[in-house]
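Undergrad: Here it is, the structure in full.
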Amino acid sequence: MNKGASCIIAAALAAFMAVPANAADVKIGVIYPLTGNAASAGQSARDAVHLGAEIVNTAHPDLKNLPLGDTGGLPNLGHAKIVLDEADHQGNPQIAQQQTLRLITQDHVVAMLGSYQSSVSLVATAVAERQGIPFLVADSVASNITGRGFKWTFRTTPIAPDFAKAYFRFLNDLKKAGTKIDSIAVVNENTDYGTSVGASIVDAAKSAGINVAAQIPYNANSSDVTAQVLQLKTLQPDAVIFVSYTADIILYFKTMKNLDYLPPVIIGDDSGFSDPSFIPNVGNLAQGAINRSAFDIGKPGSNSYVVDQMFKQKYGRDLDDTSARWMQGFFVLADAINRAGSTAPDKIQAALKATDLKPDQLIMGYNGVKFDSTGQNILSATYLIQLQGNQYVSVWPADRATGKLELPMKGWH
């Protein structure tokens, strides 16, 4: 074989090796709570991520505004497909540590996505940090996840202080409109999620000049919340803000009905209120409950509308705020891997740092995605929705509203 032919063959071989040979070359690790108290939320998140992978891996011309929506795979990696390498952390931080380490060191995933519970994300991101692997947090909101000087953790969702400020802008709007809001109560589960959000709400109340009649922490695994509801019934606050997971908030609504206690305003901090099992279990008891969300189905033709229709056709229900935030997190991570043009973790990390997505490139109602030096999305945003009938309707702020706010809360009456 002459030298020229050898060079051509060598160049062709090098080019072939530079392109991922198959979809398995782009493997993302994902950890959810697929069993345990938050299993329904975890399963819904898994559904959303699976559809997200399907959207990225196959071309969808009607999603041309969505990064990778109409390309079919990752163009900068030879149209390689993304494969999901998944694990169930059961809502247990210790199991999450073990599974994250296994996915990184044994399965050699190029990046991680997770995790729902903040207490889980807190330890799972620490594992990824030590291993030098990018971890995209799609929905956990405890402030300290991105406040520790980590270089490999990125978070797309709004965080606890963002929600707290929104709640009190809303409550002060109610006051200005003549609704009595002299005192509130905060009821929070006592892990990292509830403690972080609860503390942020209390701080925001002070800044807003609204009295906190009580902050009531409780164990999310409680089988009886009678004492907490009786405490609320005695205090009679004008609004109660619940920071709760699924099983516990369902228990609270059943207990409130049994004890005939209903505050004029209930605000739920997403989580249990957005779980797919919430409305089927206690929707008839929670009429008028207000919840936070950054997802709205939107107008026909919009990214959010097209994706929601796909989700509904596949799973028989609409996306909710939690599952949509997971899908958005997946899209941001996939986009970064493609822009990196590499599966090298440091290249993906650099691409995440350079992320600058605009509102029309998202499925969420964020003002964009751009990370600060801590890895937090500085363009995230949140809105308020209200349970009316068997679905939530956007009610605040006015420029995002698709329905009229109904107060006082109807509950089961």
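The values are calculated or read from the model by the stated rules, or taken from the named source; none is laboratory data. What you see is a predicted model, and the numbers here were worked out from it, not measured in a lab. All Cβ positions, even for glycine, are placed from backbone atoms using ideal geometry, and neighbour counts span all protein chains on display.
Undergrad: Has the range 352-364 got at least one residue that is under 16 Å from the mean Cα position of the chain (by Cα) and modelled with pLDDT under 95?
TA: No, the range 352-364 contains no residue that is under 16 Å from the mean Cα position of the chain (by Cα) and modelled with pLDDT under 95.
Undergrad: Return the only residue of W396, W412 being touching a helix residue (DSSP H, G or I) at 6+ places or on another chain (Cβ under 7 Å), surrounded by fewer than 16 Cβ atoms within 10 Å (Cβ to Cβ) and in contact (Cβ under 8 Å) with a residue 40 or more places away in the chain. Walk me through how you get there before you give the answer.
TA: Numbers: W396 fails: surrounded by fewer than 16 Cβ atoms within 10 Å (Cβ to Cβ).
It is W412.
Undergrad: Here's a follow-up. Go through the range 12-31 and give me each residue that's modelled with pLDDT of 90 or more and either closer than 30 Å to D275 by Cβ or in a helix (DSSP H, G or I) (or both).
TA: K27, I28, G29, V30, I31
Undergrad: For Y261, state whether it is surrounded by fewer than 20 Cβ atoms within 10 Å (Cβ to Cβ), touching a helix residue (DSSP H, G or I) at 6+ places or on another chain (Cβ under 6 Å) and under 22 Å from G283 (Cβ atoms). If you could, list the steps in order and put the result at the bottom.
TA: Details: surrounded by fewer than 20 Cβ atoms within 10 Å (Cβ to Cβ): yes; touching a helix residue (DSSP H, G or I) at 6+ places or on another chain (Cβ under 6 Å): yes; under 22 Å from G283 (Cβ atoms): yes.
So Y261 fits the description; yes.
Undergrad: Taking the range 151-198 on its own, how many of its residues are over 20 Å from the mean Cα position of the chain (by Cα) and of a type in the set (F, W, Y)?
TA: Selection size over the range 151-198: 2.
Undergrad: Any chance the range 180-200 includes a residue that's of a type in the set (V, I, T), part of a helix (DSSP H, G or I) and in contact with an Asp or Glu (Cβ under 6 Å, 6 or more places away or on another chain)?
TA: Within the range 180-200, the first condition is being of a type in the set (V, I, T), and the residues that meet it are 181, 184, 186-187, 191, 195, 197.
Add one more test, that the residue is part of a helix (DSSP H, G or I), and what stays is 195, 197.
Subset that is in contact with an Asp or Glu (Cβ under 6 Å, 6 or more places away or on another chain): 197.
Checked against the condition, which is being of a type in the set (V, I, T), part of a helix (DSSP H, G or I) and in contact with an Asp or Glu (Cβ under 6 Å, 6 or more places away or on another chain), the range 180-200 yields at least one hit.
Undergrad: Residue check: is A401 among the aliphatic types (A, V, I, L, M), surrounded by fewer than 16 Cβ atoms within 10 Å (Cβ to Cβ) and without any contact (Cβ under 8 Å) to a residue 60 or more places away in the chain?
TA: Answer is no for this residue.
Undergrad: Also: Are any of the residues in the range 299-318 buried (at least 23 other Cβ atoms within 10 Å of the Cβ), of a type in the set (D, E, K, R) and either assigned to a loop (DSSP other than H, G, I, E, B) or modelled with pLDDT under 95 (or both)?
TA: For the range 299-318, residues buried (at least 23 other Cβ atoms within 10 Å of the Cβ), of a type in the set (D, E, K, R) and either assigned to a loop (DSSP other than H, G, I, E, B) or modelled with pLDDT under 95 (or both): absent.
Undergrad: All but one of (1) more than 21 Å from the chain's Cα centre (by Cα); (2) assigned to a helix (DSSP H, G or I); (3) at pLDDT 95 or above; (4) over 22 Å from T156 (Cβ atoms) hold for I9; state the number of the condition that does not hold.
TA: That leaves (3) as the condition not met.
Undergrad: When the residues of the range 348-373 are narrowed to those that are touching a strand residue (DSSP E or B) at 6+ places or on another chain (Cβ under 8 Å) and part of a loop (DSSP other than H, G, I, E, B), which ends up surrounded by the fewest Cβ atoms within 10 Å (Cβ to Cβ)?
TA: So the residue we want is D356.
Undergrad: Give me a count of the residues in the range 32-46 that are in a helix (DSSP H, G or I) and either outside the structural domain of I95 (by TED's automatic domain parsing) or of a type outside the set (D, E, K, R) (or both).
TA: Counting residues in the range 32-46 that are in a helix (DSSP H, G or I) and either outside the structural domain of I95 (by TED's automatic domain parsing) or of a type outside the set (D, E, K, R) (or both) gives 7.
Undergrad: Being of a type in the set (D, E, K, R), closer than 18 Å to D162 by Cα, under 25 Å from the mean Cα position of the chain (by Cα) and surrounded by fewer than 18 Cβ atoms within 10 Å (Cβ to Cβ) narrows it down to one of D203, D269, so name that one.
TA: Working: D269 fails: surrounded by fewer than 18 Cβ atoms within 10 Å (Cβ to Cβ).
Being of a type in the set (D, E, K, R), closer than 18 Å to D162 by Cα, under 25 Å from the mean Cα position of the chain (by Cα) and surrounded by fewer than 18 Cβ atoms within 10 Å (Cβ to Cβ) holds for just one of D203, D269, which is D203.
Undergrad: At least 2 residues that are crowded, with 24+ Cβ neighbours inside 10 Å in each: list the strands (runs of 3 or more DSSP E) lying fully within the range 77-162 that qualify.
TA: Numbers: elements: 82-88, 111-114, 135-137, 153-155.
Once the strands (runs of 3 or more DSSP E) in the range 77-162 are filtered for at least 2 residues that are crowded, with 24+ Cβ neighbours inside 10 Å, what remains is 111-114, 135-137, 153-155.
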